[in-house]
1. So which residues in segment B:319-340 are in a helix (DSSP H, G or I) and either exposed (fewer than 13 other Cβ atoms within 10 Å of the Cβ) or free of Cβ contacts under 8 Å to residues at least 60 places away in the same chain (or both)?
2. Check segment A:12-19 and report whether any residue there is among the small types (Gly, Ala, Ser), within 22 Å of A:His210 (Cβ to Cβ) and more than 18 Å from the chain's Cα centre (by Cα).
3. With within 18 Å of A:Val215 (Cα to Cα) and within 12 Å of chain B (Cβ to nearest Cβ) as the only criterion, which of A:Leu136, A:Leu174 stands out?
4. Filter segment B:187-203 for residues that are at the interface with chain A (Cβ under 7 Å from one of its Cβ atoms) and of a type in the set (Lys, Arg) and give the result.
5. Specify which of the listed residues (B:Leu206, B:Leu140, B:Leu165) is at the interface with chain A (Cβ under 10 Å from one of its Cβ atoms) and either crowded, with 21+ Cβ neighbours inside 10 Å or at pLDDT below 95 (or both).
6. Of the residues that sit in segment A:105-120 and are facing another protein chain (nearest Cβ under 7 Å) and without any contact (Cβ under 8 Å) to a residue 40 or more places away in the chain, which one is farthest from A:Ala167 (Cα to Cα)?
7. In segment B:40-66, what residues are modelled with pLDDT under 95 and of a type in the set (Ser, Thr, Tyr)?
8. Regarding A:Pro236, is this residue farther than 20 Å from A:Lys140 by Cα, surrounded by fewer than 16 Cβ atoms within 10 Å (Cβ to Cβ) and assigned by TED's automatic domain parsing to the domain that holds A:Asn47?
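The values are calculated or read from the model by the stated rules, or taken from the named source; none is laboratory data. A quick note: this is a predicted structure, and the numbers were derived from the prediction, not measured. Cβ placement follows ideal geometry from the backbone for every residue including glycine, while neighbour counts extend to all protein chains displayed.
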Amino acid sequence: MALLTATDVRHYFGGLCALAGFNLALEEGELMGLIGPNGAGKTTVFNLITGVYRASSGSIRFKDTELVGKTPHQITALRIGRTFQNIRLFRDLSVLDNVRIAHYARARYTPIEALLHLGRYRGEERRIVDDSRRLLSIFKLERLAGETAKNLPYGMQRRLEIARALAIGPELLLLDEPAAGMNPNEIDQLMDFIQWIRREFRLTILLIEHQMKLVMGICERIQVLDFGETLIEGPPEAIRSDPRVLEAYLGEAPVA
Amino acid sequence: MSRPLRRRWDWLLEQRWLLPGLLVAGLALSFAIPEYGLLNRYVQMVLMYVGINIILAVSLNLVNGFMGEFSLAHAGFMAVGAYTAALLTMRVLPVAEFPALFPVAVLAGGLAAALLGLVVAVPSFKVRGDYLAIITLAFLMIVKSVIENIDAVGGPRGIPGIGKLTTLPWVFFWAVAVVWLVRNFVYSRYGRGVLAVREDEIASELMSVHTRRVKFLAFTLSSFGAGVAGALFAHLLQFISPRVFDVIKTTDILIMVYLGGIASIGGSILGATLYTVLLEILRPSTVAALLSWLPAVVFDPLNEHFIRHLGVWRMVIMPLALVLVMLYWPRGIMGLREYRGFIPRLDREAHRRGDPQGGRRDGAAHRD
């Protein structure tokens with residue numbers, strides 16, 4: 001059975017149809033790409049999966065749980081992590097706190113224990129710090145644990161955002177344009193990096209990306225969205241050669 | 001500060017005995033001062049107001065600083081605490097025979113305010129920023145007019161003749177207790193959740209933070225503090241009326257918070273102390289007393305022209321000082337920073353850089 005299934009998901013902003021019958025079946029361990037021109041509804045798909053928006057109709061299931069109607073924190077606690085198109089770190093907080101905040105749902109102590117710093121508080125906080133620092137060291141950010149997030153250079157902020165998403169302990173990771181603002185060299189590194197975290201953290205990944213190099217290079221399957229509708233779905237080779245995709249991106253093909 | 005002095009200071013701050021030692025010393029002093037009359041009654045009174053204001057500022061900072069909302073309801077929660085505690089000590093609890101029951105009344109005042117804090121937390125789920133500020137202002141007005149219309153609690157005339165049960169040791173105890181609770185809360189997953197909500201509410205939810213619960217807890221704890229402070233205030237002033245808890249009272253607390261610095265417990269303690277003490281110092285009689293050592297040739301003309309008219313200028317000088325502080329420290333004196341002593345050891349060590357030398361940033365703060 002698929003890890004994540006979307007069945008006929010529709011979403012309207014007022015009278016505007018942002019998504020008209022979206023379908024998806026993401027198998028466990030898969031790395032899938034979601035592409036399409038700007039405004040095609042890609043980020044809306046992410047927002048519907050993570051509960052930021054509530055689908056107007058249709059169903060989204062993660063394992064055996066219906067996600068439509070759940071709040072974002074409930075959905076995230078089911079172990080679905082995500083990053084954002086425009087980086088949304090907690091800018092005024094330290095690098096470490098950015099990662100620690102993402103441990104919220106997995107920390108097991110009550111408000112009373114928190115207020116009195118008693119009981120499970122100490123052990124859990126110790127564990128959160130250790131886990132967070134381990135994660136930061138994997139991402140080569142450990143030396144910057146005390147630095148304010150906004151002071152980090154762009155590339156590191158991107159890395160930190162992925163580290164933060166991994167801190168919730170995800171099984172499914174949604175990456176929204178991870179290569180935005182990167183040069184070809186950095187994109188190569190990012191491709192290796194995504195493959196590596198996928199193996200290391202046993203992730204299923206769904207990613208949105210405009211950089212064809214990255215999408216064609218690492219995705220096993222690609223779905224193309226245009227005006228809220230699925231244009232085509234298939235392996236990279238099939239997508240690359242499909243005239244409909246070219247048309248969606250570049251406009252109608254000139255008459256030969 | 002010179003380098004060796006700085007090192008001594010750092011060493012001192014690292015000592016485990018420092019905080020307990022200071023607390024014991026403070027408690028001992030709070031008993032000794034009234035007992036042996038180490039300070040005159042006026043200064044004792046000012047000290048008690050400082051303590052009460054510290055409770056108010058630290059608890060309001062939780063919502064206005066750490067969470068980044070702008071609540072104007074703090075005086076309302078204070079009123080609830082004050083009335084609850086005053087009614088308990090005057091009509092229910094036999095405090096005359098058992099003075100030890102006073103903390104029960106204070107606690108009840110805090111809990112009553114906390115309960116109402118829950119009510120204000122609910123609109124914060126839907127509304128943020130300016131609009132939530134308006135709602136809290138409305139709440140403050142509602143509390144005031146409800147009290148004004150209940151004859152059983154004196155209506156607009158208020159309650160006179162409350163027992164003077166607030167003493168220096170009790171103020172010290174409650175100030176330490178509330179500061180400790182707020183500090184513990186801030187350095188927990190809920191506190192980090194509060195900070196995350198201030199930074200980016202949607203992103204917090206997507207990092208698994210239960211933002212509603214976090215807001216609930218922050219508002220409850222914040223209003224609990226206001227209730228405790230209100231209870232102590234009532235039993236110090238010995239008279240309360242709805243007019244005492246108007247928006248001006250809220251403004252006072254806001255000034256302490258923003259002067260001291262947002263999202264900083266140490267800042268709020270500093271802000272509350274500075275504001276309270278400066279306002280007292282600017283009283284003509286205090287200035288006259290402070291300067292009485294000057295020779296008459298200097299003192300008399302000074303007294304004639306300046307000190308005697310200070311009363312008029314007091315409320316100009318203080319706000320002007322505030323404007324200057326805001327211009328040069330837009331986030332307040334300690335904005336987004338914290339005294340190292342308040343940061344739990346685990347948090348301090350976790351933020352340390354990898355290099356064994358311990359960088360400059362090991363200093364006062366981690367969130368700057």
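1. Passing the criteria: B:Pro319, B:Leu320, B:Ala321, B:Val323, B:Leu324, B:Leu327, B:Tyr328.
2. Within segment A:12-19 (the criterion being among the small types (Gly, Ala, Ser), within 22 Å of A:His210 (Cβ to Cβ) and more than 18 Å from the chain's Cα centre (by Cα)), the answer is yes, since at least one residue qualifies.
3. A:Leu174
4. Those that are at the interface with chain A (Cβ under 7 Å from one of its Cβ atoms) and of a type in the set (Lys, Arg): B:Arg189, B:Arg192.
5. None of the other options fit; the residue is B:Leu206.
6. The extreme case among them is A:Leu116.
7. B:Tyr42
8. no
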